[in-house]
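Since every read-out is calculated from the coordinates, none of them should be taken as a lab result. In this text, all values refer to a predicted model and were calculated from it rather than measured experimentally. Methodologically, a virtual Cβ is constructed for each residue, glycine included, from the backbone with ideal geometry; neighbour enumeration extends over all protein chains shown.
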Amino acid sequence: MGKAKAGIIRNLMESTGGSFSKGLGINPRPSRPEEIFKWFLASVFFGARISEKIAVQTFRVFNRQGVTSPKKILDRGWDGLVQLLDEGGYVRYDFKTATKLLEVAGALQSQYGGDLNRLHDMSSDPLDLEDRLRSLAKGVGKVTVNIFLREIRGIWEKAEPLPGDLCIAAAKDLGLIRKNLRFEETILAELKALWKDHGVPGKDFTDFEAALVRQGIQYRREKH
């Protein structure tokens, strides 16, 4: 059974690639707060009910224009942000997202000196960290925070998000975990144990989670 799961994991990693942040050329590290914010910005785009292609395009527009810090977002202003969002194809949520980005940038500047590392350091535990991230703006919800923290796991000590629905569905459909498992804490522990035993060289657990999410997205498309 262990060999079978090892083969499934290896095939999954080969077919889906690694983390979303790496795919965007983002390298979040505590010593590089600008990269952490870039990934948070991308997570906001991924967090809406919109295609991965449009989210990626939109982030690349912002990155190309250098609008990837709280100060640059505030300097750009609402009209300028809407223009960038539209250029990326983020038309459906442009007004709402422009407002959200300004709220996020303003809260980060006023409460944490524009540094997400400071937000993490001021958090008392993983749940407080998630609450602080959600409180940055009205539209920053559970999905966005989960996307962000999933790829900050191992970078921030308190980044321990539970696996989301897409990740869990893929893990069950692939036979990596039992279908009757219900508690996210138990599922996360089993996935970590699987990766420890059958991880692919050159990849990490963050890549594994991202691969499961991509597989979950594919399953959802096939069902609809």
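A few notes on this one:
- Mean separation of Cα contacts under 8 Å (6+ apart) over length of the chain, as relative contact order %: 25
- The range 179-206-the range 109-144 distance, computed between alpha-carbon centres (Å): 26
- Dipole magnitude (debye, nearest 20) for the chain, charges at Cβ of Lys, Arg, Asp, Glu: 580
- Packing-based exposure ordering (other Cβ within 10 Å, fewest first) of Ile36, Ile177: Ile177, Ile36
- Each residue of the range 165-175 is assigned a 3J(HN,Hα), and the resulting list reads 4, 5, 4, 5, 4, 5, 4, 6, 5, 7, x Hz, derived from the Karplus form 6.51 cos²θ - 1.76 cosθ + 1.60 (θ = phi - 60°), x at Gly and Pro.
- Fewest-first sequence of His120, His198 by Cβ atoms within 10 Å of each Cβ: His198, His120
- Candidate cross-link partners of Lys192 among the lysines, defined by an alpha-carbon separation under 19 Å and a same-chain spacing of 8 or more, comprise Lys3, Lys5, Lys158, Lys172, Lys179, Lys203.
- Compared with the direct C-alpha span, the chain from Ala4 to Arg220 gains 75.4 nm at full extension, assuming 0.36 nm per residue.
- Acute angle (nearest 10 degrees) that the helix 70-87 long axis makes with the longest principal axis of the chain, alpha-carbon atoms: 80
- In the range 21-150, Cα pairs under 8 Å separated by at least six residues give a relative contact order of 25 percent.
- Size of charge dipole - the range 58-155 - debye, nearest 20, with Cβ of Lys, Arg +1 and Asp, Glu -1, no other charges: 200
- Förster radius 30 Å - calculated FRET efficiency between Trp78 and Arg153, Cβ distance, rounded to 0.05: 0.35
- Extension gain for the segment Asp204 to Arg178, taken as residue separation times 0.36 nm less the Cα-Cα distance, is 7.1 nm to one decimal.
- Report summary: the helix-based calculation at 222 nm, which adds -39500 (n - 2.57) for every DSSP H run with n ≥ 4 and divides by the residues of the chain, gives -21000 deg cm²/dmol.
- Counted residue by residue at 0.36 nm each, then reduced by the alpha carbon distance between them, the extension gain from Thr186 to Arg118 reaches 21.5 nm.
- Residues in the range 58-79 that a label on Gln109 would reach, taking backbone N under 16 Å of a point 7 Å out along Cα→Cβ: 67-79
- The range 41-75: chymotrypsin sites (Phe, Trp or Tyr not before Pro) falling in loop per DSSP and having at most 13 other Cβ within 10 Å: none
- Packing-based exposure ordering (other Cβ within 10 Å, fewest first) of Leu24, Leu129: Leu24, Leu129
- Cα-Cα separations in the range 135-224 greater than 20 Å, expressed as whole percent: 36
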